[in-house]
Structures are given as C-alpha cells and as structure tokens.
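The values are calculated or read from the model by the stated rules, or taken from the named source; none is laboratory data. Only a predicted model underlies this, so the values are computations on that prediction, with no experimental measurement involved. Cβ coordinates were reconstructed from backbone atoms using ideal geometry, including for glycine residues, and neighbour counts include every protein chain displayed. SASA here: full protein model, heavy atoms, side chains in, ligands and nucleic acids out. Shrake-Rupley method; radii C 1.70, N 1.55, O 1.52, S 1.80 Å.
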Amino acid sequence: MNAVARPWIGLCFKLLALLALIFAFIFFMKMQEEQSANDKLRNQGVVSRALVTEKEQDTITRQNSGFSRRSSGSTTESDIWVLMVRHVPKSTVKYAEFPSKVSEANLPVAPPLSGDPTKDSENLGVMWVPVETYEKTKVGDMLTVVNTPWDSSAPVLVSEVEAFDASVFYPRIAVALLLTLLFWFIGRKISKASVLRGIAAASTIPGTAP
C-alpha cells in the first residue's frame with residue numbers, strides 16, 4: 001500500500017464507519033416513529049367499516065436538497081396506490097374493544113351520501129396501501145379500518161396495525177452497527193500502521209535517532 005495514500009485510506013474507512021453509524025441511527029428513529037404511530041392507533045384509535053369508492057395509482061415526487069447553495073439537488077419519483085373510502089372517523093368502537101367486545105358485523109358504517117358536500121366530506125378517507133392490497137381490492141369492497149382523532153381522514157387497515165412488528169428493524173440496525181465497528185477497526189489499523197511507519201522512517205534520518 002502506498003505510504004502517501006495510506007492515511008487517506010484510513011480516513012476513508014473511518015468516514016465509512018461514521019456513515020454506517022448514521023444509517024443505524026436512521027433505522028432506529030424510523031423504528032421509533034412507526035412504533036409510536038402504531039401505539040397511538042392501538043391505544044387511541046377507533047374502528048369502523050370503510051366502503052371503497054375509488055382507486056387511483058399515482059406518483060409522488062420528492063425534492064432532495066443539494067450539498068451546496070449552487071446545487072438544486074435532485075428529484076425522485078415513487079409510485080403510490082390510493083384507496084378513497086367512506087368510513088366513520090368518530091366511531092364509538094375503540095380499537096381495544098375489537099373484536100373481543102364488538103364483532104366486525106356490528107361495526108359502524110358511513111351513512112349514505114346526502115348530497116350535502118360539507119356533510120358528506122366528514123366521512124371521506126384517503127388510504128395509501130401496498131400494491132398487493134391495492135390489486136386485490138375492488139370498488140365496493142368493505143374494509144375494516146382504524147383512525148385516531150388526529151388522522152381522521154387517513155384511516156389504516158386494522159390488519160396492518162395487528163401485523164406491525166418492530167423487530168424487522170433489528171437486523172438492519174445490527175448490520176449497520178457491525179459495519180460501523182468493522183470499518184472503524186480497519187481505518188484505525190491502517191492509520192496506526194501509517195503512524196508507525198512514519199516514526200520508523202523518521203528514525204532513519206541522521207540526527208533523529210537517540
């Protein structure tokens with residue numbers, strides 16, 4: 001390995017370690033965010049039956065900031081699958097009561113359209129669902145959904161809340177932390193070897209040896 005490049009290579013590995021640590025932190029925060037959202041639905045959510053009134057596949061565009069003021073960044077596009085539903089955002093059935101105390105057949109459903117846009121809008125909901133759910137769902141289907149007062153117009157499938165498992169994030173966090181240690185160890189070893197070679201080289205210069 002080139003003696004001049006060795007310190008820079010060591011620094012690169014240490015930067016890779018820092019990047020892996022940042023990814024571990026991102027995975028951890030994402031896990032906390034999803035766990036918090038799921039807990040709110042379980043603890044404060046209400047359940048109702050939702051009638052699918054419309055399906056739509058769309059694209060969402062995200063603007064990524066550039067690294068400098070002169071850089072405008074980049075944009076990324078992602079497909080989303082949307083279901084428009086009519087549900088009961090002010091249902092009296094709590095998530096904890098379903099289905100032990102209230103069966104699916106007894107869940108409240110949205111009233112028929114009245115023709116009053118203001119009144120009818122109170123029962124409108126928009127759901128972003130996985131493509132698998134989108135493909136197997138038809139207009140006219142009834143879904144069991146849950147929402148909280150803070151996301152009344154964005155209900156979530158009860159099945160998704162029940163299936164949530166934060167442990168899926170553990171392997172990602174573990175791999176990121178393992179890479180952090182590995183890259184840091186390699187970078188430190190390379191940097192240390194570079195220092196030792198530098199000391200050894202300096203000791204051969206006349207007048208530097210004791």
For region 124-168, one quarter of the surface area of the C-alpha convex hull, expressed in nm², comes to 4.0
Computed accessible area, Met142, all protein chains, 1.4 angstrom probe, square angstrom: 80
Which trypsin sites (Lys or Arg not before Pro) in region 83-188 pass both tests, a DSSP loop state and at most 16 other beta-carbon atoms within 10 Å? Lys90, Lys101, Lys138
In percent, how large is the relative contact order of region 13-141, given Cα pairs closer than 8 Å and 6 or more residues apart? 29
Using 7 Å Cα-to-Cβ label points, what is the Met84/Val131 separation (nm, one decimal)? 2.4
If you consider only alpha-carbon coordinates, what radius of gyration and Dmax does region 76-165 have, in Å? 13.9, 45
What does the net charge come to around Phe164 if you take all other residues with beta carbon closer than 15 Å to its beta carbon, with K and R at +1 and D and E at -1? -3
For region 46-147, the per residue accessible area (1.4 Å probe, Å²) is 66
Cβ crowding within 10 Å averaged over residues, with 151-164, 32-45, 105-118 ranked highest first: 151-164, 32-45, 105-118
